[in-house]
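The values are calculated or read from the model by the stated rules, or taken from the named source; none is laboratory data. Everything numeric here is computed off the predicted structure, so don't read it as measured data. A quick note on method: Cβ atoms are made from the backbone with ideal geometry, for glycine too, and the neighbour counts reach across all protein chains shown. We work out accessible area using only protein heavy atoms, side chains counted, and drop any ligands, DNA or RNA first. Shrake-Rupley method; radii C 1.70, N 1.55, O 1.52, S 1.80 Å.
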Amino acid sequence: MMLPGSESSGVPAIVLTRAVDGLLGGDVVIVAGTAGSSIYVAGGVGDDVLRAPVLKALFVPGPGRDRVVGNSMPNDEVSYRTSGYAVLVDLAKGVARGQGRDTLKRVNWATGSRFGDTLLGDDGPNGLIGLGGGDTLKGRGGDDFLTGGADADLLNGGPGDDYCDVGELDQSRLCEHGA
């Protein structure tokens, strides 16, 4: 279903209840559905707005300056798994750089790229997942879950009761639990 977007932006909004990918331009994608459901929301080329006000969302921003807005429950994730570049994600500051320059609001899980990324949490509970490359993950405050993935990673849980999935090549600090 297509609905008019913001009159000030002149961009149409797309409202759907399943997985949705952004189009070729600057899209506004607002996903509605039943509380407790999950949705995959991907941005396309351009400056997109990706929102899932009531669902658990996996946001995958595309190249450009995307704006990602999760819901009030601590369960939304931003993923740069498909990025062709290393990324820096700072959940406390609400920014991500590398594939573009994105703003993040109400997102508490982050997945990096196949390159050496820096993923930084906030004061709440976070999940930080590095993939390939030598990643740096810092949970900061809250009870965090950190996993570095392949290669030699640095995992720092920070204050809180943190779980770090530590690989053979990884270094960990301030992780109360871990393998």
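For Asn71, the conditions (1) touching a residue at least 24 places away in the same chain (Cβ under 8 Å); (2) surrounded by fewer than 21 Cβ atoms within 10 Å (Cβ to Cβ); (3) in a strand (DSSP E or B) all hold with the exception of (3). Out of Asp122, Asp47, one residue alone is part of a loop (DSSP other than H, G, I, E, B) and within 26 Å of Asp161 (Cα to Cα). It is Asp122. Residues in segment 101-135 that are of a type in the set (D, E, K, R) and over 13 Å from Gly149 (Cβ atoms): Arg101, Asp102, Lys105, Arg106, Asp122, Asp123.
Filtered by the rule that a residue be open to solvent by 10 Å² or more (accessible area, probe 1.4 Å) and either over 11 Å from the mean Cα position of the chain (by Cα) or over 17 Å from Phe59 (Cα atoms) (or both), segment 121-140 gives Asp122, Asp123, Gly124, Pro125, Leu131, Gly132, Gly133, Gly134, Thr136, Lys138, Arg140. Residue pairs whose Cβ atoms lie under 7 Å apart, sitting 6 or more positions apart in sequence or on different chains, and linking a residue in segment 152-177 that is of a type in the set (S, T, N, Q) and open to solvent by 30 Å² or more (accessible area, probe 1.4 Å) to a partner that is modelled with pLDDT under 90 and assigned to a strand (DSSP E or B), are Ser172/Gly178. If you go through segment 135-156 and keep only what is over 14 Å from Trp109 (Cα atoms) and touching a Phe, Trp or Tyr at 6+ places or on another chain (Cβ under 9 Å), you end up with just Asp135. Taking segment 52-68 as the range and being within 18 Å of Gly100 (Cα to Cα) and either buried (at least 21 other Cβ atoms within 10 Å of the Cβ) or β-branched (Val, Ile, Thr) (or both) as the test, the residues that pass are Phe59, Val60, Pro61, Gly62, Asp66, Val68. Considering only residues in segment 157-179 that are of a type in the set (Asp, Glu) and more than 23 Å from the chain's Cα centre (by Cα), the one that is farthest from Arg140 (Cα to Cα) turns out to be Glu168. Given the structure, is Ala86 at pLDDT 90 or above, in a loop (DSSP other than H, G, I, E, B) and over 13 Å from the mean Cα position of the chain (by Cα)? So Ala86 passes the test. Taking the listed residues Val107, Val78, Val89, the one that is out of contact with any helix residue (DSSP H, G or I) (no Cβ under 7 Å at 6 or more places or on another chain), buried (at least 21 other Cβ atoms within 10 Å of the Cβ), in contact (Cβ under 8 Å) with a residue 40 or more places away in the chain and closer than 21 Å to Asp48 by Cβ is Val107, with no other qualifying.
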